[in-house]
Amino acid sequence: MTAGQSTFTYAALGDSSGVGFGARDGRGYVDRVYDRLEAVAPRARLANLCQSGATSEAVRAGQAARAAALRPALVTLFVGGNDLWRGVTPRRFGENLDAIAAALAPASPRVIVGTVPNLAHAPAAALAEQFLGVAPAALEARARALNAEVARVAAAHNYAVLDLFAFGLADAPHFFSTDGFHPSDEGYAQWAELLWPLVREALTRA
């Protein structure tokens, strides 16, 4: 596709980070990436299906089929933070990812999936230990287990992976909003910066 000549539909699946919760201007990584996408492909279209509080189960039940019906060229899938806090098992998380992949398959989009950041390094981790009795080491172990499922599904379906865990997005305090869990404006900006090369590659392939 030559940029600007054809419609390029981008569907975003995920949780409150896709909505932009925590940003002062309410713009998360999805809006920031779409701004850049629209600049090089003016006919690009965004369907942001992300919902605050969504788990992988919620994406499976309420977002994946809606995205596939749009026949998008690109799908981003960033989910797992709420699964981690709620203690969803890696097996169940993987089953949900498999079901999401199956729902998207008929549309044949380019899919970019993200790993779960190391939320053991989030400011909110101290509160989790204090009030829930979940130690940071346990949070990190949960994230690694969920990310093993992300890697498995990505390899099986040839998805591009943005490894937020490896990058250490959760290691910088200024990347968090005042709640200690959601990204700040700076955090979302960095997230979009990391995501953009993969989005641009998808645009080139379309």
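No lab work stands behind these numbers, since they all come straight from the coordinates. Since the model is a prediction, treat every value here as computed from it, not as a measurement. When we count neighbours, we look across all protein chains shown, and the Cβ atoms used for this are built from the backbone with ideal geometry, even at glycine.
Estimated purely from DSSP H runs of n ≥ 4, each contributing -39500 (n - 2.57), the mean residue ellipticity at 222 nm for the chain is -14500 deg cm²/dmol once divided by its residues.
Of [x] 12.0; [y] 12.9; [z] 10.1, which one was derived for mean projected area of the Cα convex hull in nm² from the structure shown? The listed entry that was calculated here is [z]. Residue-normalised convex hull volume from the C-alpha trace of region 159-206: 78 Å³ per residue.
Compared with the dominant principal axis of the Cα atoms in the chain, helix 136-157 is inclined by about 20°. Placing +1 on the Cβ of every Lys and Arg and -1 on the Cβ of every Asp and Glu, with no other charges, gives the chain a dipole of roughly 700 debye about its Cα centre. Simple rule: put +1 on each Lys or Arg Cβ and -1 on each Asp or Glu Cβ in region 8-205, find the dipole, and look at 195, 165, 63; the Cα lying farthest toward the positive end is 63. Relative to the longest principal Cα axis of the chain, at what angle does helix 185-205 sit, 0 to 90 degrees, rounded to 10? Taking Cα atoms only, the helix is inclined about 40 degrees. For region 7-65, the list of trypsin sites (Lys or Arg not before Pro) that fall in a loop by DSSP and count at most 14 other C-beta atoms within 10 angstrom reads 24, 43. The residues packed around residue 40, meaning those with a beta-carbon under 15 Å from its beta-carbon, carry a net charge of +3 if Lys and Arg are +1 and Asp and Glu are -1.
Rounded to the nearest 10 degrees, the angle from helix 90-104 to the longest Cα principal axis of the chain is 10 degrees. Global dimensions of region 106-179 from alpha-carbon coordinates: Rg and Dmax equal 14.5, 45 Å. Take the alpha carbon atoms of region 134-197, find their center, do the same for region 71-86, and report the distance between the two centers in whole angstrom. Answer, in whole Å: 11.
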